[in-house]
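Here is the structure we will look at.
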Amino acid sequence: WPAAASGRAISDYLFAEVFSALPPSDREFLLSTSVLSVLTAPLCEAVTGRRDSAGVLERLERASLFLQAIDRKEGWYRYHHLFADFLQSELARGGEAKVRAIHSRAGNWLMRNGSEAEAVEHFLAGRLYDQALPLLERLLPGMIDKEWETMLRWMNMLPPDRLEQSPDLLLACAFFTTASGNREQADRLIARCEALFGRSGDSGAPEERRHIASLYLVKSLYAVDFLYDYDLSIEMMRQCMSHAPDGIPLQGIEINPGETSILRAFQRTNYDFSVLERFFREMISLWAPVERSVFVGFFYAGLAELNYERNDLEEAGRLSDIALDIAVAQRSSKLLGPVAVLRGKLHMARRKAEEARAELEWADRLLKMWRSGYWTVVVAAQRLRMRMAAGDGERELAEGEMADWAERHLAWRTEGMQPYPYFLAMTTIQALAELGLIDEY
């Protein structure tokens, strides 16, 4: 047997031995609560129907039955993940109806107690689509910006016929799928949206006009991401805004999987600066009703980078100011990271090293406050690049930072070059070259 399979078989055997030696009431308690990611007495009582859950949890933890206390004072616990997997396999032997009932009780308790996202997980795991669908519709508006990937994962757990029961969810799913880069699935969803909503905007009903506007927004993104047709994207956006002059909720999305340069992200599909400039300016104009949207910030950032490449530093600074204001107002690390890198380069081009350092330090503090790990590292990389590019007095101070960076960021060599950590990888290569160690790697 492979080592992992062998280890799993041994652990399952040990779990089975321990489990079979327990009293029936304890076995039933463990099975019924095995689907919970965290356990607390009130939730366990809702799932099991028992009123002694607090005492049971304390006793099982003292007995070292693979139950770990997260917060003993508040009474929060979780199972060891391998033990939970074993228990869930045992629970499944009792039939789907039992599993569904447990997920239903857990989901309803969580929903009543303000944990709607966790409730969705239970409803979908139990295939309780009648309960999941209205909850997903309620959660959608608040998850469009920073949590759309989670919403897309949930949507993909719905059967297609159930997803189509909700026009808002179906259109959002088509948009998020396009944003995720899954062209095959996007084609299927867009075709289905065309069949359902393709002509509905002609009626004049506000809801139907919003649906057709959403479909045009999907097509606008699709035109750029998959067809590389900027003129078509602009036209689709015109159609979107003609049906919804005040904008639509889906325009609040943030899409940046880690690209440090917004301009480079668009240049992968078109290297003509004149085409890109017209695209950015047209989109900024068309998105005017939702001018504080993060996506508008991306358009300003791309246009600012384009002017930086043309050495029009004044215009690049003005445009980056707007992008920065949007990033801060919307608490968007996906926009702040690229803009901070650009503004650091702008300050250096103006020979204002102190301003560059101060602004990047400010961005670093803000990103840490927002708990944005990846973009914090990106800003740190730009700060190191500036140190490496400084004069002799700075170079000696930077050597320790370069060595520390190289040691911590060489993992990309063995993990394989990913498309978006390119900026970090090139920073590592530059640090190794500056240290004279490039031949060793």
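The values are calculated or read from the model by the stated rules, or taken from the named source; none is laboratory data. This one's a predicted model, so the numbers in the text were calculated from it and none came from an experiment. A quick note on method: Cβ atoms are made from the backbone with ideal geometry, for glycine too, and the neighbour counts reach across all protein chains shown. Ligands, DNA and RNA are excluded from the accessible area calculation, which covers all protein heavy atoms including side chains. Shrake-Rupley method; radii C 1.70, N 1.55, O 1.52, S 1.80 Å.
Which members of the stretch 26-59 meet the condition of being open to solvent by less than 60 Å² (accessible area, probe 1.4 Å), free of Cβ contacts under 8 Å to residues at least 12 places away in the same chain and not in a loop (DSSP other than H, G, I, E, B)?
To start, the set of residues in the stretch 26-59 that are open to solvent by less than 60 Å² (accessible area, probe 1.4 Å) comprises 26, 29-36, 38-41, 43-50, 53-57.
Then keep just the ones that are free of Cβ contacts under 8 Å to residues at least 12 places away in the same chain; that gives 45, 49, 55.
Residues satisfying the conditions are 45, 55.
Cβ separations smaller than 8 Å between residues 6+ apart or across chains give no pair from the stretch 60-78 residues that are closer than 14 Å to residue 27 by Cα and open to solvent by 80 Å² or more (accessible area, probe 1.4 Å) to residues that are of a type in the set (Asp, Glu) and not in a loop (DSSP other than H, G, I, E, B). Can we say residue 249 is within 19 Å of residue 217 (Cβ to Cβ) and out of contact with any His (no Cβ under 7 Å at 6 or more places or on another chain)? Yes; evaluated as a whole, the condition is true for this residue. Residue pairs whose Cβ atoms lie under 8 Å apart, sitting 6 or more positions apart in sequence or on different chains, and linking a residue in the stretch 369-380 that is on the phi < 0 side of the Ramachandran plot to a partner that is open to solvent by 50 Å² or more (accessible area, probe 1.4 Å) and not in a helix (DSSP H, G or I), are 370/331. Would you say residue 89 is part of a helix (DSSP H, G or I), of a type in the set (Ser, Thr, Tyr) and closer than 19 Å to residue 41 by Cα? Criteria not met by residue 89. The residues in the stretch 309-357 that are polar (S, T, N, Q) and touching a residue at least 40 places away in the same chain (Cβ under 8 Å) can be counted, and the count is 3.
The single residue among 210, 238, 188 that is within 23 Å of residue 139 (Cα to Cα) and either in a helix (DSSP H, G or I) or in contact with a Lys or Arg (Cβ under 7 Å, 6 or more places away or on another chain) (or both) turns out to be 210. The condition (being out of contact with any Phe, Trp or Tyr (no Cβ under 9 Å at 6 or more places or on another chain) and either at pLDDT 95 or above or closer than 23 Å to residue 46 by Cα (or both)) is satisfied by just one residue among 149, 184, 121: 184. Those helices (runs of 4 or more DSSP H) of the stretch 321-401 in which at least 2 residues are open to solvent by 70 Å² or more (accessible area, probe 1.4 Å), considering only elements entirely within it, cover 353-369, 373-389. The sole residue among 171, 263, 232 that is surrounded by 15 or more Cβ atoms within 10 Å (Cβ to Cβ), in a helix (DSSP H, G or I), more than 23 Å from the chain's Cα centre (by Cα) and among the hydrophobic types (A, V, I, L, M, F, W, C) is 232. Within the span defined as the stretch 240-252, one or more residues are open to solvent by 70 Å² or more (accessible area, probe 1.4 Å), in contact (Cβ under 8 Å) with a residue 12 or more places away in the chain and under 24 Å from the mean Cα position of the chain (by Cα). Taken together, the residues in the stretch 143-161 that are closer than 16 Å to residue 120 by Cα, open to solvent by less than 60 Å² (accessible area, probe 1.4 Å) and not hydrophobic (A, V, I, L, M, F, W, C) amount to 2.
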